[in-house]
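The values are calculated or read from the model by the stated rules, or taken from the named source; none is laboratory data. Computed from a predicted model, the values in this text were never measured in an experiment. Cβ placement follows ideal geometry from the backbone for every residue including glycine, while neighbour counts extend to all protein chains displayed. Accessible surface is based on the protein model in full, side chains and every heavy atom, while ligands, DNA and RNA are left aside. Shrake-Rupley method; radii C 1.70, N 1.55, O 1.52, S 1.80 Å.
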Amino acid sequence: MPLEPPADEVELHVNGEARRLRVDPRVTLLDALRDGLGLTGPKKGCDLGQCGACTVLLDGRRITSCLTFALMHDGREVTTIEGLDGDPEGELHPVQQAFVDHDAFQCGFCTPGQIMSAVALLAEGHAGDDDQVREWMSGNLCRCAAYPNIVAAIAASAGR
Ligand code: FES
Ligand code: FES
């Protein structure tokens, strides 16, 4: 009889909804979101904590979801790009709209992570000037080098 991998139950509050799933203790939060819950907004770029494509909010703070295990977050609030505006059928979140208005993406692969990071950065009060934005967004890489437009989108979101 083949050996079943071990699994434990975890309840994540994802985008305002309680979701229970059984996961191998080695499963990252990123894989639980993508493969377990079908939320493919968070992207797997490096899977090493180096690119920021997998950024989500955990209890309102940004984290790289590839660097943490799903089981560690029982009962906690997770927000992905899909739940950013609280209404999948509604209007874009203002930061999403700013990215559109400022042409802040090319291929778009990094964009969900960039936007989640930008939303957190604005809440943290780290958008005072462009240098500050560049510093506090430095964990989010963009292979298409849309950086000037990303900074412009965030500056506009901050009312500058
Ligand atoms: S996929 Fe998580 S930081 Fe790159
Ligand atoms: S828009 Fe292509 S990687 Fe950023």
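Only one of these is part of a loop (DSSP other than H, G, I, E, B), outside the structural domain of residue 108 (by TED's automatic domain parsing), open to solvent by 30 Å² or more (accessible area, probe 1.4 Å) and touching a strand residue (DSSP E or B) at 6+ places or on another chain (Cβ under 9 Å): 62, 19, 26. Name it.
Checking each option against the conditions leaves just 26.
Hey, residue 139 hits all of (1) within 16 Å of ligand 1 (Cβ to nearest atom); (2) surrounded by 16 or more Cβ atoms within 10 Å (Cβ to Cβ) but one; which does it fall short on?
(2)
How do the pairs read when you match residues in segment 143-158 that are modelled with pLDDT under 95 and of a type in the set (Asp, Glu) with residues anywhere that are in a helix (DSSP H, G or I) and more than 16 Å from ligand 1 (Cβ to nearest atom), using Cβ under 9 Å and keeping only pairs 6 or more apart or on different chains?
none
Is segment 89-99 home to any residue that is of a type in the set (Gly, Ala, Ser) and within 25 Å of residue 28 (Cβ to Cβ)?
No, there is no match, as no residue in segment 89-99 is of a type in the set (Gly, Ala, Ser) and within 25 Å of residue 28 (Cβ to Cβ).
Going through 104, 118, 152 one at a time, which residue ends up being open to solvent by less than 10 Å² (accessible area, probe 1.4 Å), within 16 Å of ligand 2 (Cβ to nearest atom) and assigned to a helix (DSSP H, G or I)?
118
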